[in-house]
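Here's the structure, in C-alpha cells; my notes come after.
The values are calculated or read from the model by the stated rules, or taken from the named source; none is laboratory data. The structure presented is a predicted model; accordingly, all values stated were derived computationally and were not measured. Heads up, the Cβs are rebuilt from the backbone with ideal geometry, glycines too, and the neighbour counts pull from every protein chain shown.
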C-alpha cells in the first residue's frame, strides 16, 4: 500500500480503510484513526456505507482501548457492532473482545464474560484461532 500514489489511496473509501487497518496493525493508531475518518467521509459514495462506517468505529474503539479511554471504547465498540454486518465476523469478534477487555477493566464482569463468549464463538465461526484462544486469557 505504501507504494501506491496518494490519489489512488484517497480515491475509493475501502482502499483508504484498508490503509487505516494497515497503519493500526503497524502500531500507528493516530494515523489509522485519521485515515478511518477520511474513509468514513467517503461512505455516502459506497454501496456498503454502514460496513465502512462500522470499520471506522472499530478502529476508533481499538485505539481508545489502547489509550485506556474505556468510555470511548465502549461507545465506539457499540457503534461498530451496530453498523458491521453479521458476515464480517472477524471485525465483529475483535470488537467484542475489546469490549470484553473494556468491561473487565471497568469492573463489569458479567458483561465482560458475555462479550468474551460472543467473541470466542464469532472467532470460531470465522476460523480466527488467535481470537478463539481469548477465553483462556479472560
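Tabulated data for the structure shown
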item	result
Among the residues listed as 119, 115, 20, the single one being surrounded by 15 or more Cβ atoms within 10 Å (Cβ to Cβ), modelled with pLDDT of 90 or more and touching a helix residue (DSSP H, G or I) at 6+ places or on another chain (Cβ under 7 Å)	20
Residue list for the range 45-62, filter: over 18 Å from residue 24 (Cα atoms) and either under 10 Å from the mean Cα position of the chain (by Cα) or not in a helix (DSSP H, G or I) (or both)	46, 47, 48
First in the range 63-75 and farther than 15 Å from residue 30 by Cβ, second anywhere and at pLDDT below 95 and buried (at least 19 other Cβ atoms within 10 Å of the Cβ), Cβ under 7 Å, 6 or more apart	70/102; 73/98; 73/102; 74/99; 74/102
Residues being closer than 24 Å to residue 48 by Cα, without any contact (Cβ under 8 Å) to a residue 24 or more places away in the chain and part of a helix (DSSP H, G or I) - total across the range 82-117	0
The one condition in (1) surrounded by fewer than 17 Cβ atoms within 10 Å (Cβ to Cβ); (2) at pLDDT 95 or above that residue 70 fails to fulfil	(1)
